[in-house]
1. What residue, among those in region 157-182 that are surrounded by fewer than 18 Cβ atoms within 10 Å (Cβ to Cβ) and charged (D, E, K, R), is modelled with the highest pLDDT?
2. Where the second residue is crowded, with 16+ Cβ neighbours inside 10 Å and the first is β-branched (V, I, T) and lies in region 55-70, which pairs have Cβ atoms under 7 Å and are six or more apart or on separate chains?
3. With the checklist (1) more than 30 Å from K30 (Cβ to Cβ); (2) at pLDDT 95 or above; (3) surrounded by 15 or more Cβ atoms within 10 Å (Cβ to Cβ) in hand, flag the one item G219 doesn't pass.
4. Say we look at region 104-119 and pick out the residues that are over 17 Å from the mean Cα position of the chain (by Cα) and not in a loop (DSSP other than H, G, I, E, B); which of these is farthest from S4 (Cα to Cα)?
Amino acid sequence: MSISNVSVSLSNILQLTSICYQLHFNKVKKSIYGLSYDMIILALVSAFTSMLSTILYSYDSLVRHQYVVRYSQYPEIPISYTVLILETVIFFAYTVLFRQLFTYSKSRNTNQGISHPCTFLLSTFFVILVYLVYMVCTSEPLYVLDIVDFIWMISKVSSAVKYIPQISMNWFGECVRGLHHHWLLLEGLAVLFMLISRYSMDVPFWNIPVNYPSWFVIGIQTSCIIILWRQFLIYAENKPRLKYAE
């Protein structure tokens with residue numbers, strides 16, 4: 001197994017570990033105070049769409065045929081099945097974390113909930129996806145492959161911006177008490193291993209597995225981790241100041 005494969009796998013394992021810590025942290029406190037709903041939803045959407053697009057690329061014969069026709073010089077769709085398995089586990093872990101948002105909803109503060117920007121982004125994804133399906137069904141010059149490509153794009157955009165809502169939550173509340181003590185370390189290491197995986201890549205771009213993190217995702221997540229690190233330094237000792245939602 002190459003360095004890039006090991007690095008991506010470690011990145012996913014670290015993310016899974018972080019989720020498990022957060023699940024335990026919430027359960028012990030019986031609270032989700034300070035945890036961004038948008039971040040959990042975007043992470044859940046990212047994991048699901050990445051898993052779905054990878055499965056379709058891998059097992060849908062029509063998609064594979066259309067891929068070969070469109071990219072005849074690159075007949076094989078590169079896929080990492082190790083990453084697919086890990087992303088599937090991550091998806092189910094995020095599903096449990098999403099459920100905790102409702103189980104402990106009485107502990108949320110006045111700023112917690114699904115925001116308008118997140119709703120707008122997800123609605124935009126949905127409208128475009130429905131439009132693409134309609135175009136394919138009406139025999140327009142689009143293919144099922146285009147739908148799968150858009151699902152793949154949703155996974156990358158959602159993954160790239162998922163930390164931004166938590167940054168906003170920390171900033172408005174001037175507090176980071178909603179996250180477990182190892183959250184930033186584990187998430188930061190996960191992004192670091194993503195970076196290592198791309199720098200150690202020894203294959204041409206068309207041979208990079210479709211479910212590997214892109215430079216777009218790594219760049220934005222790295223910037224977000226740096227901002228979060230700064231917030232943790234500034235707000236580490238601050239007590240929660242936002243009121244509980246009624």
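The values are calculated or read from the model by the stated rules, or taken from the named source; none is laboratory data. Since the model is a prediction, treat every value here as computed from it, not as a measurement. Neighbour counts are summed over all protein chains in view; Cβ atoms, including those assigned to glycine, are modelled from backbone coordinates with ideal geometry.
1. The qualifying residue modelled with the highest pLDDT is E174.
2. If the second residue must be crowded, with 16+ Cβ neighbours inside 10 Å, the pairs left are V63/L56; V63/Y57; V63/V144; V63/L145; V63/V148.
3. Condition not satisfied by G219: (3).
4. It comes out as K106.
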